[in-house]
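Read through the structure below, which is laid out as structure tokens, and then see the notes.
Values in this text are rule-based calculations from the coordinates and carry no lab data. All values derive from a computational prediction rather than experimental measurement. Every residue, glycine among them, receives a Cβ derived from its backbone with ideal geometry; neighbour counts consider all protein chains shown.
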Amino acid sequence: MPESQAKDVIFAAGTLMPVSSPPLQDGAVLVRDGRIEAVGALVDIGRENPGTEVRFFPNYTVIPGGVNAHAHLGFRRKDAPEGGTFSGWLGRLIERLPEKEAWTAQAAHDAAREAIEAGTTYMAESSPYGECLPQLAESGMAGTVFAEFFPHEFATPEEAVGFMVSKAHELGEGLPERVNARVSVHSPYTVDPESSRLAGRRTREMGWTLAIHLSESPEEVEFIKSGTGGLANIFGSNEWGGAGVSPVHYAQSVELLAPETIAAHLATGVSEEDIEILARTGAAAAHCPRSNAYLGCGVSPVPAMIDGGIRVGMGTDGLWSSPSMNLFEETLFAVELHGMSGAAGLELATLGGARTLGIEAETGTLDAGKWADLAVVETSSEDADPWRDVLEAAAGGGVAATVVGGDVIYNRLGR
């Protein structure tokens with residue numbers, strides 16, 4: 001259970017990395033009512049707030065908590081389907097759905113805990129009809145569950161979309177303050193054009209974000225362009241394939257791309273024209289490089305997308321396609337894959353994810369007014385690249401405490 005912090009408290013460390021400003025030695029954040037009241041030197045914050053409890057971690061770095069822009073909680077590490085090809089992996093996953101029902105809830109609980117112990121404070125989780133919402137809500141993390149729907153189970157697109165919007169409203173009742181439910185158009189090969197168009201329109205009318213898997217695999221590109229390949233009949237007969245365009249271009253044509261849209265993966269066949277479409281429509285991207293590698297999906301052109309003005313955040317995907325729920329481990333993989341700096345990587349894992357989800361005014365950096373979402377990471381203070389150092393430490397199990405809205409939801413130090 002979270003260690004609730006009703007009174008004011010000061011979290012301080014040998015190094016404070018707000019992300020939005022340079023690192024601060026012996027820095028501190030004053031937390032009041034779950035939000036950051038002030039940021040500065042410990043000596044100043046302490047002097048201005050006498051008698052306030054101070055939690056000081058002298059050999060640690062305090063960073064914003066990780067913002068996971070795309071995850072699936074309902075999978076477990078063992079017995080994952082073999083990777084290599086996306087359609088082969090997905091086919092084996094679908095075959096095992098009946099047996100999976102027995103352990104999905106426990107898997108979601110365990111995966112959420114793993115994410116928390118790795119410093120994640122906010123998660124965008126996608127699961128069929130929002131099945132993993134209870135586990136996210138009880139975990140202590142803030143987040144959104146994007147409820148995936150599959151129109152072939154309904155008589156008409158109107159019925160499918162109407163059901164999912166009502167379901168998201170129902171799921172959102174009685175949740176913790178910072179947990180909500182939204183809709184996911186699962187993918188271009190499982191959701192028909194009219195259902196996609198209706199879902200995009202309805203969710204935008206309500207001001208909701210919308211998640212989608214997009215341009216994830218070679219098989220998806222083949223299906224959208226020519227209507228053939230391993231995904232053509234993955235959920236019955238998907239007769240809308242063969243549009244002759246890229247998945248990104250197709251998503252634009254069915255009105256799925258907008259500033260509220262979070263497109264996960266974008267790993268295969270993303271051209272310069274596609275990047276221009278994403279930038280023009282304002283759609284954001286969730287980068288899941290380890291899942292992409294496991295499933296033979298290629299490398300997302302993240303540097304080009306960032307240069308093009310696209311909001312990009314990091315996502316772990318799920319444990320049947322990725323080795324862990326550690327967002328900082330995922331980010332370190334991306335840093336090495338794309339040749340990024342440690343500072344750029346840390347920003348991707350925190351502020352980048354918040355921007356992708358449209359919540360950068362609430363979290364993603366250590367700034368006054370934002371929620372007190374942070375991770376305490378054991379690091380050395382003498383490295384030439386402190387951002388890379390803290391990223392490597394968090395990726396390697398160095399997170400000692402995780403704080404969400406001022407509540408300590410993980411603490412292996414006992415202080």
When the charge dipole of the chain is computed with +1 on Lys and Arg Cβ and -1 on Asp and Glu Cβ about the Cα centre, the Cα farthest towards its positive end, among LEU97, MET141, THR365, belongs to MET141
The size of the Cβ-based charge dipole (Lys, Arg +1; Asp, Glu -1) of region 342-407 about the Cα centre, to the nearest 20 debye, is 220
Over the Cα atoms of the chain, each weighted equally, I'd like the Debye log10 I(q)/I(0) at q = 0.07 Å⁻¹, rounded to two decimals.
-0.31
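Taking loop as defined by DSSP and a crowding limit of 10 other beta carbons within 10 Å, which trypsin sites (Lys or Arg not before Pro) in region 69-150 fit? Can you show the working numbers first?
Working: sites: ARG76, ARG77, LYS78, ARG92, ARG96, LYS100, ARG113; in loops: ARG76, ARG77, LYS78, ARG96.
Listed in order of number, the matching sites are LYS78.
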Extending each Cα 7 Å along its Cβ direction at ILE94 and ASP33, get the distance between those two points in nm, one decimal.
5.1
Could you tell me the extents of region 189-255's C-alpha atoms along the three principal axes, largest first, rounded to whole Å?
36, 22, 16
What is the Cα centroid distance between region 117-151 and region 155-201, reported in whole angstrom?
14
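In which sequence would GLU95, GLU194 go, from the one with the fewest C-beta neighbours within 10 Å to the one with the most?
Exposure proxy ranking, most exposed first: GLU95, GLU194.
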Mean residue ellipticity at 222 nm from the helices of the chain, using -39,500 (n - 2.57) per DSSP H segment of n ≥ 4 over the full residue count, to the nearest 500 deg cm²/dmol?
-9500 deg cm²/dmol
Distribution output for region 329-394: share of Cα-Cα pairs per 10 Å bin in percent, first bin at 0, values 21, 47, 29, 3
Once the piece of chain linking GLN25 and GLU272 is laid out straight, how much longer is it, given 0.36 nm per residue of separation minus the C-alpha distance between them?
84.7 nm
Name the residues of region 253-272 whose amide N is less than 18 Å from a point 7 angstrom out from the Cα of SER226 along the C-beta direction?
268-270
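Can you give the FRET efficiency to the nearest 0.05 for VAL245 and ALA384, using r as the Cβ-Cβ distance and R₀ = 45 Å?
That gives a FRET efficiency of 0.45.
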Of the residues GLY230, THR156, SER215, the Cα lying farthest along the dipole of region 149-237 towards its positive end, which is defined by charges on the beta carbon of Lys, Arg, Asp and Glu, belongs to SER215
In what order do ASP44, ASP389 fall by count of nearby beta-carbon atoms within 10 Å, going from fewest to most?
ASP44, ASP389
Show the residues, 5+ positions off or on another chain, whose built amide H is closer than 5 Å to the amide H of GLY143.
MET123, VAL179, ASN180
Pop out the ³J(HN,Hα) list for region 239-251 in order, Karplus 6.51 cos²θ - 1.76 cosθ + 1.60 with θ = phi - 60°, rounded to Hz; leave Gly and Pro as x.
7, 8, x, x, 7, x, 9, 6, x, 5, 4, 4, 4
Potential extension, ALA368-GLU153 segment - 0.36 nm per residue separation minus Cα distance:
72.7 nm
Would you work out the Kirkwood radius for region 287-354? I mean one over the mean of 1/r across all pairs of different Cα atoms, in Å.
11.9
Under Karplus coefficients 6.51, -1.76 and 1.60, residue-wise ³J(HN,Hα) of region 27-42 in Hz, glycine/proline x
x, 8, 10, 8, 10, 9, 6, x, 10, 7, 8, 7, 10, x, 5, 4
Taking the Cα centre of region 66-357 as origin and charging only Cβ (+1 Lys, Arg; -1 Asp, Glu), how large is the dipole, in debye to the nearest 20?
300
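How large is the dipole of region 121-168 about the Cα centre if only Lys and Arg carry +1 and Asp and Glu carry -1, each at its Cβ, rounded to the nearest 20 debye?
Result for region 121-168 is approximately 120 debye, rounded to the nearest 20.
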May I ask you to derive the FRET efficiency for ARG204 and LYS7 from their Cβ-Cβ distance with R0 = 30 Å, giving the value to the nearest 0.05?
0.15
